[in-house]
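The values are calculated or read from the model by the stated rules, or taken from the named source; none is laboratory data. Just so you know, these numbers come straight off a predicted model, no measurement behind them. For neighbour counting, all protein chains shown are included, and Cβ atoms are generated from backbone atoms with ideal geometry for every residue, glycine included.
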Amino acid sequence: MRCYRKGIVIVFSLLSLLFFFMGFYSSEGPANHSISKLIFSDAISIFLLNSFNVLVWFIISLIGISPIMILKSIFGMGAGWHALSISPFMYYGSSFVHGFLEWLVCLLVFMFTVEHLVHLLAYFRKEIIYEQLKQFYWRTVKKTIPMVLLILLAAAFIEVYVSNRLLIYFQSL
């Protein structure tokens with residue numbers, strides 16, 4: 001069952017690049033928003049909002065439609081620099097670490113979606129038993145979701161205390 005994971009990562013990476021660059025080259029003009037300094041409560045808010053979104057992705061992945069929301073999010077990552085009046089190189093340079101962590105979360109949910117569909121199909125074909133299917137879901141609840149939430153927590157704090165400070169500095173140049 002695990003031999004296809006490399007393929008999933010490659011396909012997702014290629015789709016990510018495609019949607020990221022579609023967002024990057026979207027026709028939005030700079031909005032010239034100023035960047036305010038974020039604080040601890042902003043990190044918590046970002047974490048809670050991102051966690052809610054990702055938990056919704058996990059739920060809708062059960063019917064196989066989470067990739068649409070994931071790729072829309074990656075498109076938004078590509079288009080993010082349009083809202084500011086700084087170079088996209090400065091924007092992505094300052095946002096790389098937290099952006100990579102958020103991309104990693106997208107990858108994990110995408111992988112769960114594909115693996116869920118593979119497990120479900122295998123169950124209906126009687127290639128695996130109910131206990132194996134149940135074990136897959138239990139592992140997701142016990143390990144994957146907590147790991148995703150920890151990554152989101154780290155990403156939120158890096159966004160507030162590193163990326164935000166760098167963006168403010170770059171905008172002042």
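Miscellaneous remarks
- Segment 63-90, subset among the aliphatic types (A, V, I, L, M) and modelled with pLDDT under 90, residue farthest from L108 (Cα to Cα): I86
- Whether a residue is crowded, with 18+ Cβ neighbours inside 10 Å, in a helix (DSSP H, G or I) and touching a helix residue (DSSP H, G or I) at 6+ places or on another chain (Cβ under 7 Å) was assessed, and V160 passes this test.
- Any hit, segment 79-89, residues being free of Cβ contacts under 8 Å to residues at least 12 places away in the same chain, exposed (fewer than 13 other Cβ atoms within 10 Å of the Cβ), over 30 Å from L173 (Cβ atoms) and not polar (S, T, N, Q): no
- Selected residue (only one of L14, L117, L107, L55 is without any contact (Cβ under 8 Å) to a residue 24 or more places away in the chain and either farther than 30 Å from Q171 by Cα or surrounded by fewer than 19 Cβ atoms within 10 Å (Cβ to Cβ) (or both)): L14
- Which listed residue, of W81, W103, is among the aromatic types (F, W, Y), closer than 13 Å to L17 by Cα and out of contact with any His (no Cβ under 9 Å at 6 or more places or on another chain): W103
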